[in-house]
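Have a look at the structure below, then the notes.
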Amino acid sequence: MTRYNIRETEEKWRRVWAEKRCFEVTEQGNKEKFYVLAMLPYPSGRLHMGHVRNYTLSDVVARYRRAQGYNVLNPMGWDALGLPAENAAMDNKMHPATWTYSNIEAMRAQLKSMGLAIDWSREVTTCDPSYYKHEQKMFIEFYKKGIAYRKDSLVNWDPVENTVLANEQVVDGRGWRSGVPVERRKLNQWFLKITDYADELLSALKSLDRWPEKVRLMQENWIGKSSGLQFRFDVTGSRDQIEVFTTRPDTLFGASFVALAADHPLAKKYGAGKPGYDAFIKQCQAAGTSEAAIEQAEKLGFDTGATVQHPFIPDHMLPVYIANFVLMEYGTGALFGCPAHDQRDFEFATKYNLPILPVVIPEGADPKTFQLKGEPYTGPGKLAHSGFLDGLETETAKRAAIRKIEDMDKGFGTTIWRLRDWGVSRQRYWGCPVPMVHCDACGIVPVPDDQLPVTLPEDVTFDKPGNPLDRHPTWKHTSCPSCGAQATRETDTFDTFFESSWYFLRYCDAHNDKEAFSAKASKYWMAVDQYIGGVEHAVLHLLYSRFFTRALRDCGYTVPDEPFAGLFTQGMVTHMSYKDVDGKWIAPADIQSGHNGGMFRISDNAPVTPQRVEKMSKSKKNVVDPEDILSTYGADAARLFILSDTPPDRDLEWTEAGIEGAWRYVNRLHRLVTEANAVKPSAVSSYSAATTALRRQAHQTAAGVAADIEAFHMNKAVARIRELSNAIGAFTAKDDGDRAALREAMEFMVIGMNPMMPHLAEELWSLLGHQTLLADTAWPKADPALLLADTVTIGVQVNGKVRATITLPASAGQKETEEIALADPHIVKSLEGKTVRKVIVVPGRIVNVVAG
RNA sequence: GGGCGCGUGGUGGAAUGGUAGACACACAGGACUUAAAAUCCUGAGGUCGCAAGACCGUGAGGGUUCGAGUCCCUCCGCGCCCACCA
């Protein structure tokens with residue numbers, strides 16, 4: 001028995017593909033393009049299984065589309081700027097650049113061992129000045145266009161990372177990386193006006209019909225559009241006004257209080273000095289934002305004693321509270337409460353004994369007698385006790401109330417957004433320098449084109465906290481590009497999401513030194529036809545990129561509105577975690593199973609117990625190193641296992657048994673082809689029934705695998721290949737016709753498995769005697785006649801229960817099917833003593849005999 | 001609290017409203033072997049039965065239908081996202 005030498009064979013074909021530059025592409029106007037993109041990796045040092053899954057999926061798509069005749073762009077690069085490099089520099093006394101570039105070397109080698117059909121000539125590294133100089137230019141263009149601006153603002157300050165975080169990077173009040181509670185600080189920062197694009201970013205989501213519904217919903221919620229009324233209350237006995245926003249202007253007549261955020265300017269004015277004020281404010285600021293904290297937090301208020309005038313009811317005054325549930329960041333930082341129709345206001349009013357007046361009456365209820373049943377009514381209805389709004393439906397009443405307020409010149413109908421502008425300033429070294437100069441005389445001056453890029457200084461130290469750029473002895477000192485006077489460089493660097501917001505455009509024209517990318521290249525390759533990555537980027541990266549592309553468009557770049565026409569989000573890779581008797585986590589690689597099924601530590605045979613299947617993480621030690629897998633089992637087995645069982649959008653549990661099973665199958669396929677007696681026969685005119693069945697299956701497999709891959713049902717595609725290989729294994733060739741069919745079936749199988757197991761497929765293709773590369777071979781065209789079965793086996797039911805199966809010609813019609821079904825002995829027996837009332841016949845599908 | 005999704009054998013999972021459990025993993029039995037590994041063959045949703053077969057079966061309950069894992073309603077459980085959002 002010949003053994004398949006995985007290592008040598010896989011390396012051989014990778015070498016051939018590289019030497020022949022199989023996957024390097026150029027723009028070819030006469031050929032339809034297909035842009036496959038996997039989210040670019042951060043060069044942390046080693047590939048993890050999530051990467052392997054991601055790039056396996058993108059490679060399946062790339063190789064498949066290539067076989068379908070597309071000009072496929074499948075690029076790779078490195079998201080190389082960011083905090084881990086700087087932290088590593090501090091830990092290891094190593095320059096971030098050294099750390100980053102050596103990581104890229106290591107990871108590139110690992111990636112290459114996966115046998116990916118990537119155009120490596122377009123490799124992009126974002127920390128290279130030849131990359132970031134273009135984004136510095138973009139930023140200056142944004143600035144001139146008013147898309148980039150500077151403002152003082154309260155920012156989320158991460159005290160561990162010593163930098164600002166965007167709202168999107170704060171999770172449950174904690175830094176997304178450091179996990180420590182963020183502080184509020186006022187800083188002068190660079191922002192991008194993503195809010196100007198809120199409406200477009202929201203409405204265009206509808207056009208993204210090849211995006212997961214889930215991701216579109218998440219973005220919709222994140223953008224958070226609310227329409228309503230913004231208006232001013234007059235404070236009694238003062239010229240102050242309190243501006244509030246509401247989505248329920250229809251309930252204004254049910255208002256019983258006004259509430260201010262603790263950090264609202266008027267809160268201090270009306271509350272300061274009153275007993276209990278200081279303590280109350282302190283309590284508000286201490287409140288957590290975690291799930292548990294929100295769940296338990298009581299609605300608390302502080303009565304300022306001030307009152308406001310109701311806009312519609314003369315001499316009706318509402319008390320002004322400071323309340324812990326009002327957010328300064330949302331709306332106007334103040335609201336009016338209508339307890340009868342809002343859960344939160346209801347709780348507040350109950351606690352402080354404020355009036356609860358229902359003004360929206362549900363359909364069918366009598367306005368005179370309607371009473372709340374211990375909870376607010378939030379549904380639609382007709383207005384009551386509401387003056388000029390009485391009798392109107394909720395939606396009509398909203399419009400009427402807005403019109404009235406607008407007539408009174410006290411406010412206006414408006415839309416507010418949850419989305420905030422994107423703060424892009426970071427006070428760290430290993431990022432792209434913001435290309436701006438601060439001049440005492442001229443203010444903020446962009447660095448002129450001919451002085452770009454502004455590069456990072458190399459001689460920096462990380463021994464002290466804070467921004468190394470700021471304390472560098474000379475770097476920030478420069479002259480003003482405008483007046484020539486002494487000036488200071490901006491020492492902030494960009495948020496690293498800046499780089500990943502346009503890298504897909506750079507791939508289109510990676511070596512262009514003059515511009516970020518040419519209009520021609522962008523026009524040909526964009527948009528990305530299939531983007532693949534983790535769902536964790538559903539709002540951050542994917543929203544920023546959609547915005548960034550539009551901002552570039554508005555600065556005159558040739559780009560489509562939407563950068564990613566198709567998106568697929570893959571699930572996580574999980575693994576069982578294990579603990580020893582002392583409760584310490586034990587890595588799977590250090591565990592062996594005992595004879596009785598128990599698990600033991602290899603080093604000392606101490607028993608270990610499985611915990612749970614969870615995301616691979618260093619802390620739980622349940623990680624499997626792809627490099628070990630790739631060198632032990634080969635790339636094809638690893639790819640096959642990842643694709644074979646679990647649908648790509650679900651979490652994949654990595655198991656030893658699974659990868660070994662995949663490895664055995666790779667070997668079996670090799671044996672199947674090398675041991676088969678398949679020679680290229682002379683002309684064949686007719687086939688036996690068994691042989692036709694094999695041919696039929698081969699053609700159906702070619703068509704079915706294609707359909708499955710296009711639908712991202714990779715597990716089903718693999719199952720089809722296995723079915724065909726099982727059929728080939730069971731087939732005995734008796735004559736030349738059989739051998740011809742067998743060979744055809746094997747070729748179809750090899751082409752079909754190529755996207756999943758490219759090395760083995762290429763080897764088998766060569767073993768079948770081909771001089772040309774499988775990588776350059778077209779997907780087989782299935783014979784339509786063979787796709788249709790000549791016979792079908794269908795179930796015959798009696799009263800909905802299957803009592804028999806019958807096999808009949810596929811062409812059998814209604815009448816013939818019914819006759820065969822009713823003649824079946826099982827059916828005859830089942831119908832004994834019964835009267836047939838009705839026979840449902842769906843030819844080729846089912847027969848159901850209704851009898852009683 | 002709001003939104004979305006998912007519940008199918010021991011396990012991963014298949015199934016345009018039409019034979020539930022494809023294809024695998026794990027398991028059991030057998031062949032080969034001195035033995036093991038590898039490989040090959042066979043079996044298998046559950047209950048009863050030597051078998052033929054019968055009955056039950058897709059989280060629970062109801063409904064629509066000739067026919068429901070699939071559609072509708074109620075409930076339970078799990079997962080993800082958002083969240084004192086006015």
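What the table shows:
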quantity	calculated
Computed FRET value (nearest 0.05) for A:Phe412 with A:Glu329, which takes r as the C-beta separation and R₀ as 25 Å	0.75
Protection proxy ranking of A:4-16, A:690-702, A:198-210 - average other beta-carbon atoms within 10 Å, highest first	A:690-702, A:4-16, A:198-210
Listed pairs A:Lys137/A:Lys193; A:Lys145/A:Lys520; A:Lys112/A:Lys781; A:Lys137/A:Lys523 exceeding 19 Å between Cα atoms	A:Lys145/A:Lys520; A:Lys112/A:Lys781; A:Lys137/A:Lys523
Expected-Rg normalisation [2.2 N^0.38 Å, Cα atoms] applied to the range A:510-556	1.34
Cα-based helix-to-principal-axis angle, A:656-675 vs chain A, degrees rounded to 10	30 degrees
FRET efficiency for A:Lys214 and A:Thr488, using Cβ-Cβ distance with R0 set to 60 Å, rounded to 0.05	0.85
The range A:34-96 and the range A:208-265: distance between their alpha carbon centers, rounded to Å	41 Å
Relative contact order (%) - the range A:464-621, alpha-carbon pairs under 8 angstrom, separation at least six	15 percent
Over the range A:124-281, relative contact order from alpha-carbon pairs under 8 Å, at least 6 apart, %	13 percent
Span from the the range A:366-391 Cα centroid across to the the range A:761-835 one, whole angstrom	63 Å
Dipole of chain A, positive direction: furthest Cα of A:Val849, A:Pro358, A:Leu669, with charges on the beta-carbon	A:Val849
Solvent-accessible surface ranking, highest first, for A:Asp463, A:Asp250 at 1.4 angstrom	A:Asp463, A:Asp250
Per residue accessible area in Å² of the range A:464-533, where ligands, DNA and RNA are left out and the probe is 1.4 Å	39 Å²
Ranked packing of A:301-310, A:757-766, A:447-456, most packed first, by mean Cβ within 10 Å	A:757-766, A:301-310, A:447-456
For the range A:231-288, radius of gyration divided by Kirkwood radius, i.e. Rg to Rh on alpha-carbons	1.02
Kirkwood hydrodynamic radius (C-alpha pairs) into Stokes-Einstein, the range A:129-217, 25 °C and 0.890 mPa s, D in µm²/s	157 µm²/s
Counting DSSP beta bridges with both ends in chain A, the antiparallel % (nearest 5)	80 percent
Distance between the range A:480-528 and the range A:342-358 - C-alpha centres, whole angstrom	54 Å
Loop sites in the range A:292-352: GluC sites (Glu not before Pro), DSSP, at most 12 other Cβ within 10 Å	A:Glu298, A:Glu329
Apportionment of accessible area to carbon and sulfur, chain A, percent (1.4 Å)	50 percent
Which of A:Thr414, A:Thr496, A:Thr474, positive extreme of dipole for the range A:400-544 (C-beta unit charges)	A:Thr414
Estimated vicinal HN-Hα couplings, Hz - the range A:46-51 in sequence order (Karplus 6.51, -1.76, 1.60; Gly, Pro = x)	9, 5, 10, 5, x, 4
Size of electric dipole in the range A:345-404: Cβ of Lys, Arg +1 and of Asp, Glu -1, about Cα centre, debye, nearest 20	240 debye
Against the rule of thumb 2.2 N^0.38 Å, how large the Cα Rg of the range A:204-253 comes out	1.87
Solvent-free Debye scattering, log10 I(q)/I(0), computed from the Cα coordinates of chain A at q = 0.05, 0.08, 0.11 Å⁻¹	-0.41, -0.95, -1.28
Where trypsin sites (Lys or Arg not before Pro) fall in DSSP loop in the range A:424-517, at most 14 other Cβ within 10 Å	A:Lys514
Mean separation of Cα contacts under 8 Å (6+ apart) over length of chain A, as relative contact order %	13 percent
Cα-based Lys proximity count in the range A:222-355, under 26 Å, for pairs eight or more positions apart or on separate chains	13
Calculated [θ] (222 nm, deg cm²/dmol) that DSSP helices of n ≥ 4 give over chain A, each run adding -39,500 (n - 2.57)	-10500 deg cm²/dmol
Only Lys, Arg (+1) and Asp, Glu (-1) charged, at Cβ; the range A:213-369 dipole about Cα centre in debye	300 debye
Cα gyration tensor of the range A:724-852 - equivalent ellipsoid semi-axes, whole Å, descending	45, 14, 13
Relative packing of peptides A:624-637, A:784-797 - highest average C-beta neighbours within 10 Å first	A:624-637, A:784-797
Solvent-free Debye scattering, log10 I(q)/I(0), computed from the Cα coordinates of the range A:208-340 at q = 0.12 Å⁻¹	-0.54
Cα centre as origin, Lys/Arg/Asp/Glu Cβ charges: chain A dipole, Debye	960 debye
Globularity index of the range A:671-788, i.e. its alpha-carbon radius of gyration over 2.2 N^0.38 Å	1.00
Debye equation applied to the C-alpha atoms of the range A:342-445, log10 I(q)/I(0) at 0.09, 0.13, 0.22, 0.24 Å⁻¹	-0.50, -0.68, -1.26, -1.27
Charge dipole of chain A about the Cα centre (unit charges at C-beta), most positive-ward option of A:Ala441, A:Tyr70, A:Ser227	A:Tyr70
GluC sites (Glu not before Pro) restricted to the range A:772-852 and DSSP loop, no more than 12 other C-beta within 10 Å	A:Glu832
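The values are calculated or read from the model by the stated rules, or taken from the named source; none is laboratory data. Owing to the predicted nature of the structure, the values given are computational and were not obtained by experimental measurement. In this analysis, Cβ positions are derived from the backbone assuming ideal geometry, glycine residues included, and neighbour counts consider all displayed protein chains. With ligands, DNA and RNA removed, areas are computed over all heavy atoms of the protein, side chains included. Shrake-Rupley method; radii C 1.70, N 1.55, O 1.52, S 1.80 Å.
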